[in-house]
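Some notes on the structure that comes next.
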Amino acid sequence: MNLNLAAICDHAMVDQHGKLSLIGIFQNVWVAQFPAMHARLHLVLRVQGARDEVGEHSIKIDFSDPDGKSLIQGGGSVTFKEPPAGIVDIEASAILTFDLPLPKPGRYQFRITIDDDLETVVPLTAMQQQVTAQASANTNLN
């Protein structure tokens, strides 16, 4: 089993034919102030395996802050059934939606584990927006 896609985006979907579409892939967010909440972030995963890896496989996700403190944990499983004759690879996609707490600026990360093996780390950097003097002046005039 391997994870051949892990991305953060604004929106994702799977069509009726199983085709995965991602819109607005990113790894940096800017917020007005901390603490902040990033609403409706999509974490997209695509797991692929060989024909002999049919069965149930566990997937765990841990979202941690810049200090390594776990903020969100979750897990589940994916079950691969025997594919039709002639198909050599098995695959599954998952689209997970999160409202992410961002208590302070820095590099956050999603750690993705499959069958208790760390597959990848997906980074997310949160920064505070800088207010320019011109923007501040325009705000005060309105």
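Values as computed for the structure displayed
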read-out: Backbone N within the stretch 95-110 under 15 Å of label point (7 Å from Val121 Cα along the Cβ vector); value: 106-110
read-out: Cβ crowding within 10 Å averaged over residues, with 75-85, 6-16 ranked highest first; value: 6-16, 75-85
read-out: Lys pairs, the stretch 1-112 - Cα-Cα below 28 angstrom, 8 or more residues apart or on other chains; value: 6
read-out: Helix-only CD estimate at 222 nm, as mean residue ellipticity for the chain, using -39500 (n - 2.57) per DSSP H run (n ≥ 4); value: -2000 deg cm²/dmol
read-out: Computed label-point distance, nm, for sites Leu20 and Ala39 using a 7 Å Cα→Cβ extension; value: 2.7 nm
read-out: Relative packing of 100-113, 47-60, which averages over residues the other C-beta atoms within 10 Å, highest first; value: 100-113, 47-60
read-out: Separation between Cα centres of the stretch 82-132 and the stretch 13-69, rounded to whole Å; value: 3 Å
read-out: For Val54, net neighbour charge (Lys/Arg +1, Asp/Glu -1) across residues whose Cβ lies under 10 Å away; value: -2
read-out: Stretch gain in nm, segment Gln48-Thr79, where the contour uses 0.36 nm per residue and the Cα spacing is subtracted; value: 10.0 nm
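Coordinate-derived values only; no laboratory data. As the structure is a computational prediction, the values presented were derived from the model and not from experiment. Glycine also receives a Cβ, built like all others from the backbone with ideal geometry; neighbour counts cover every protein chain displayed.
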